[in-house]
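Worksheet: the structure to be examined is printed underneath.
The values are calculated or read from the model by the stated rules, or taken from the named source; none is laboratory data. Model, not experiment: these values are computed from the prediction. Note: ideal-geometry Cβ built from the backbone for every residue, glycine included; neighbour counts use all protein chains shown. Protein only, heavy atoms only, side chains kept; ligands, DNA and RNA dropped before computing areas. Shrake-Rupley method; radii C 1.70, N 1.55, O 1.52, S 1.80 Å.
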Amino acid sequence: MDIIDIKDLPDDGPVVLIDADSLLYFEMGKPTLEEAIAGIDHRILTMLNVNKTCNFAGFLTIGRCFRYNAAKTKNYKYNRKHGSKPIIFYALKEYLQQHWNFIYMSELEADDLVAVYGDGYDGNTVICSPDKDVIYQVPGVHFNYRTAEHIHTTPDQAEKFLWKQMLMGDSTDGIQGIPKVGEKTADKWLSEVALPEMPMFVLEKYVEKFGIPIGISKFAETFKLIYILKSKEDVLQEVDIKLPELVVNNVKLLNKEQWQ
């Protein structure tokens, strides 16, 4: 691993918002907890180094979010393996909270939290996640820490991706969408539709497939499952919680004695 000197990181850089769920899976297979922790530290420091900042906030998914109650057709993420994970997984989750001050909200996913806390922050944030839903559905600057590339998603691109997902569903999370509609079909349909007309176009496709009552119901259910919350107002529409103000950590000050 390359050695990163945190003293070289600027104090006035953007705030890196880290969707940490994938970090756990990337590192939980290491032979020892010490190696896994070293891997976690290096990945986080690399995100800060690449984005030229020492400012960050990290988020985890812990508990069952609101989408589990919203899913009626099939259980949310029903297709995921739910067997026991190695003990390193749980130790890393605790480490991220205790050492790095990563936080969670039991009714929300890390996907929602990076998007909501990035909203209205004067554009001075970089969302770090390898999740395509986050990268392409949330407007702004992203850093995919799986591929080590920056991606800028415009508001128009984000909205079009949302309606594309509504048509085809999301097999990763077990969300159906319209049966037999894949990426090519969704892209073709939407290429012929103006952005303001996409919501009604997609609703009509649901009604065309399922009929009026079932089509409208399935459209509403799929939207709740697909849509990443992007503002505090979005949060209040789904869960009765008041989000605290964003606490920005500075890696130069956090657990300072361990870096010296």
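Assorted remarks:
- Surface composition of segment 38-126: carbon and sulfur make up 46 percent of the accessible area, probe 1.4 Å.
- Each Lys or Arg adds one and each Asp or Glu subtracts one; over the other residues with Cβ under 11 Å from the Cβ of Pro179, this totals +3.
- Kirkwood radius and radius of gyration were both taken over the C-alpha atoms of segment 3-92, and their ratio Rg/Rh is 1.08.
- Whole-number D in µm² s⁻¹ for the chain, Kirkwood Cα-pair radius fed into Stokes-Einstein, 37 °C, 0.692 mPa s: 167 µm²/s
- Per residue solvent-accessible surface (Å²) - segment 70-162, probe of 1.4 Å: 51 Å²
- Out-of-range pairs (alpha-carbon distance over 22 Å; input Lys188/Lys209; Lys77/Lys184; Lys74/Lys209): Lys77/Lys184
- Tilt relative to the chain, helix 198-210 - C-alpha long axis, 0 to 90 degrees, to 10: 60 degrees
- Per-residue ellipticity at 222 nm computed for the chain from its helices equals -13000 deg cm²/dmol, with DSSP H segments shorter than 4 residues left out and the rest contributing -39,500 (n - 2.57).
- Choice from Asp112, Asp240, Asp156 showing the highest fluctuation, given a GNM over the chain with Cα pairs closer than 10 Å: Asp240
- Around Met28: net Lys/Arg minus Asp/Glu count, Cβ-Cβ under 10 Å: +2
- Backbone N within segment 225-246 under 17 Å of label point (7 Å from Asn101 Cα along the Cβ vector): 244-246
- Of Gln237, Gln97, Gln176, the residue with the greatest mean-square motion in the GNM of the chain, using alpha carbon springs below 10 Å, is Gln237.
- Pairwise Cα distances in segment 188-232 exceed 13 Å in 60 percent of cases.
- Theoretical gain in end-to-end length, Leu236 to Lys184 [0.36 nm per residue, Cα-Cα removed]: 15.2 nm
- Cα-Cα separations in segment 171-260 greater than 17 Å, expressed as whole percent: 67 percent
- Charge dipole (debye, nearest 20) of the chain; +1 at Cβ of Lys and Arg, -1 at Cβ of Asp and Glu: 1000 debye
- The chain: angle of helix 33-50 to the longest principal axis, Cα-based, in degrees nearest 10: 80 degrees
- For segment 91-244, the spread of Cα positions along each principal axis, largest first, Å: 52, 34, 31
- Taken along its principal axes, the alpha carbon cloud of segment 145-197 reaches lengths of 33, 28, 15 Å, longest axis first.
- Given 14 as the ceiling on other Cβ atoms within 10 Å, longest exposed-site-free region of the chain for GluC sites (Glu not before Pro) in DSSP loops: 1-191
- Filtered trypsin sites (Lys or Arg not before Pro), segment 1-106: DSSP coil and at most 14 other beta carbons within 10 Å: Lys52, Arg64, Lys72, Lys74, Arg80, Lys81
- Radius 14 Å from Cβ of Arg67, net charge of other residues (Lys, Arg +1; Asp, Glu -1): -4
- Counted residue by residue at 0.36 nm each, then reduced by the alpha carbon distance between them, the extension gain from Phe201 to Ile151 reaches 15.2 nm.
- Given in Å, the Rg to one decimal and the Dmax to the nearest whole number for the Cα atoms of segment 63-164 are 15.5, 42.
- Fully extended contour minus Cα-Cα distance, from Asn75 to Glu94, at 0.36 nm per residue: 4.1 nm
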